[in-house]
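A short write-up of the structure that comes next.
The values are calculated or read from the model by the stated rules, or taken from the named source; none is laboratory data. Being a predicted model, the structure only gives us computed values, none of them experimental. Positions of Cβ are backbone-derived with ideal geometry, glycine not excepted, and every protein chain shown enters the neighbour counts.
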Amino acid sequence: MMRKKTCVAMLLAGGQGSRLGILTKTVAKPAVPYGGKYRIIDFPLSNCTNSGIDTVGVLTQYQPLELNAYIGSGASWDLDLNNGGVFVLPPYQKGKVGEWYRGTANAIYQNMAFIEQYNPDYVLILSGDHIYKMDYNKMLQFHIRSGADATIAVREVPWEEASRFGIMNTDVDNKIIEFEEKPKQPKSNKASMGVYIFTWEKLRKYLTEDEADKTSSNDFGKNIIPKMLADKQVMMAYMFEGYWKDVGTIESLWEANMDLLSTPMPIDLHDKKWRIYARNPGYTPHYIAKGATVSDSLVTEGCEVYGHVNHSVLFSGVTVEEGAKVEDAVIMPGAIIRRGAVVRRSIVAEDAIIGAGSVVGEETGNIAVVGHAVELPAGVSVSAGQQVDATTTF
Amino acid sequence: MLKDVMGVIYTGENDANLRELTLMRAIAALPVAGRYRVVDFLLSSLVNGGVRNVGVIMQKNYHSLMDHLGSGKEWDLHGKHDGLYVLPPFLTRENVGVYNGTLDALRSNTNYLSRSKQEYVVLCNSAIICNPNIEEFIQYHVDSSADITLMYSKDEGLLRDEMGSYLKVAEDGKVTEMEVEPTHPTLPNTFMEIMVLKREFLRSLVDKGVAHGHHAMCRDILLPMVTDGHARVNAWEYTGPAWRMDSVQAYFKFNMDILDTNIRRKLFVDTLPVYTKVRDEMPTRYGDNATIVNSLVADGCIIEGTVENSVLSRGVRIAPDAHVKNCIIMQDGQVHSGAYIENCILDKQAVIKRNARLIGPSAYPIVIAKNVVI
């Protein structure tokens, strides 16, 4: 018998993130590297542990290998516990039936037995797609105080962008009266962050009903939330202020990395009271050689810089050889920039090698991407916006 | 075979010449190379060699060492069986808690030795930084049918007057001569204070040593063995780089030496990773006007000034217009705007205020103690 938990978190990490192109060809989106030493999933996991939520189910489906290995025992986030901790939950065979997760709501439905073990009062639903620091416990207290059946975290977006989001129309007390997915004429600028708290008893009822409805697409945004609203359940909007970035596209992932180079940092990762934890690869300190220049950049342990780096983010174990130039670029773990190569406005994925004298990206235009473990030959050019994977020929 | 080896690290070495650096910590806990402690190297070597049971014998000012080692998790030494055993001195009627040498320390920990199940013991001191392949070392010992195998190095940087032990090694690996704390070493091979032997044999040596009132492993046990030949003592050569951490100068030299990429790669071998406690700092941030030359920098620093030939630990702040040359700055040290420091060692959380100037002679670097503000 497990000890009762007040709140269990369920992290939806099954999405492919196809708008990230070749970056998510072999890894799930939550495992995509960010900020020099993190992966996207470090943010919701660290938020959980910092918020005192110690039981987290991570629902995986697409390319789960790297994510599973990354999460491991959960020790990096202090989530290796006897009672609770982090659990990777892939779809599994149930009796004669085995099926993939058909939608976000179906994924939770299929794992009701996991949640029930802890007999929780509340369930927190998260996604592995965003960079933000949030105290989920404050949101939970708000949910409990307001006597809501469901609470949806929202943040105010610029009015002109509101039509790109799921918008919550609320009354003066932040009670949600209407939900509109990507409205053409938005009545509010409160956009859903994809962070929900449900009173578990209610959610269990709605998940069960939703599963029985063959016409449903088993999705929180499309089915569960509209249905609960229609039934006049108490739905509250919880206002979040602070940095929140969807890193769903190549451009936004690049921008989110560049955000860390502005002063002051829009998201404070030095914050000792709200550390973002990550799995540590155990490299030596980074080395900057004689003749190298490094300015306005983030450099992580294990890097060796002999060339020139400006306004860039270098992840663990990156090598920039002599005479190479890296500018406005994101260089992911283990990548090597060979002698004299120039990398601008680009993302170079894990373990990729940029051949000597090659030119990747341009001073303006879209972000160029060199994919995972691609060995770019010497002396070639990759133009702005181009994506290079192992099949690209030169 | 490999599961059948345990490790014992003795951390009670004399540290008087390290001055303020070891005032509040054992040599084993001394921060080095930007993110490690001295003990990390040997502890990682043992773990990389398949050792799963390691006892760390502590003597004095060991709080910082215990804090660093924790549960042994970072070295994968937190299993249900065996793992890391922290062995602080305990005072009993027979035991006053002050060890006069390794033998003395082992005597106080005979319970740990007899309770362990492994056939072999790798016994080491903690004041030499190196990264040997312990697996090869043990294999050599097992294959050679020696009673004891000592690890040695030909590195001349390890020779010291009046301290350490030195060996003459025959072609078949047998130790034929040994000098213990000679006025000037005349033998070329330095005993690295790492040896391997059967656990039962070590227990009998400890018992006999106690009966004879002996304290020192080298002088009282190994030397007579080599001299009268009643046990076979072999030696195995370690060819990697090694440093003795016995003075401020030696400490400074080690940190400066590893700025050389070739030397660094010989110590930090890919197949023998060095593990340490993780601090979860963000990557280091370089400002618009940062200048950085030939330096090692750990995570979590903010560098806006000039840094030359230096080693910076986690969380160090170098303000705009500050200039740091040939320095070692430990965790969370700060150098404020307009300050110039050269040949200095800043202990943890030391702060150099605005426009201060501090230039030490290169042969005798200035040590700024922990938490001191200048």
Do we find that A:Ile288 is under 25 Å from the mean Cα position of the chain (by Cα) and within 11 Å of chain B (Cβ to nearest Cβ) in this structure?
-> no
Qualifying residue in the range A:316-334 (condition: within 9 Å of chain B (Cβ to nearest Cβ) and crowded, with 23+ Cβ neighbours inside 10 Å) = yes
Any idea which residue in the range A:288-303 is nearest to B:Arg279 (Cα to Cα), counting only those that are surrounded by fewer than 24 Cβ atoms within 10 Å (Cβ to Cβ) and not aliphatic (A, V, I, L, M)?
-> A:Gly302
Residue selected from the range A:48-73 under the condition touching a helix residue (DSSP H, G or I) at 6+ places or on another chain (Cβ under 8 Å) and within 14 Å of chain B (Cβ to nearest Cβ), by the criterion surrounded by the fewest Cβ atoms within 10 Å (Cβ to Cβ) = A:Thr49
Of the listed residues (A:Lys205, A:Lys175), the one being among the basic types (Lys, Arg) and closer than 23 Å to A:Glu116 by Cα is A:Lys205
Candidate set: the range B:130-177, residues that are in contact with a Lys or Arg (Cβ under 8 Å, 6 or more places away or on another chain) and of a type in the set (A, V, I, L, M, F, W, C); chosen: the one farthest from B:Met245 (Cα to Cα) | B:Ala146
Please specify each residue of the range A:167-223 satisfying the condition of being on the phi > 0 side of the Ramachandran plot and within 26 Å of the chain's Cα centre (by Cα).
-> A:Lys182, A:Gly194, A:Asn218
When both residues are 6+ apart or on different chains and their Cβ atoms are under 8 Å apart, which pairs have a first residue that lies in the range B:279-305 and is on the phi > 0 side of the Ramachandran plot and modelled with pLDDT under 95, and a second that is assigned to a loop (DSSP other than H, G, I, E, B) and aromatic (Phe, Trp, Tyr)?
-> B:Asp280/A:Tyr277
Test A:Lys29 against the stated conditions and say whether it is away from chain B (no Cβ under 14 Å) and surrounded by fewer than 20 Cβ atoms within 10 Å (Cβ to Cβ).
-> no
Would you call A:Ile250 of a type in the set (Val, Ile, Thr), farther than 30 Å from A:Gly317 by Cα, touching a helix residue (DSSP H, G or I) at 6+ places or on another chain (Cβ under 9 Å) and more than 14 Å from chain B (Cβ to nearest Cβ)?
-> no
Kindly establish whether B:Tyr62 is among the aromatic types (Phe, Trp, Tyr) and in contact with a Lys or Arg (Cβ under 9 Å, 6 or more places away or on another chain).
-> yes
Looking at the range A:1-55, which of its residues are without any contact (Cβ under 8 Å) to a residue 60 or more places away in the chain and over 19 Å from A:Val369 (Cα atoms)?
-> A:Met1, A:Asp54
Is it the case that some residue within the range B:328-340 is under 24 Å from A:Ser297 (Cα atoms) and at the interface with another protein chain (Cβ under 9 Å from one of its Cβ atoms)?
-> no
Which one of A:Lys5, A:Lys37 is in contact with a Pro (Cβ under 6 Å, 6 or more places away or on another chain) and either within 14 Å of another protein chain (Cβ to nearest Cβ) or among the aromatic types (Phe, Trp, Tyr) (or both)?
-> A:Lys37
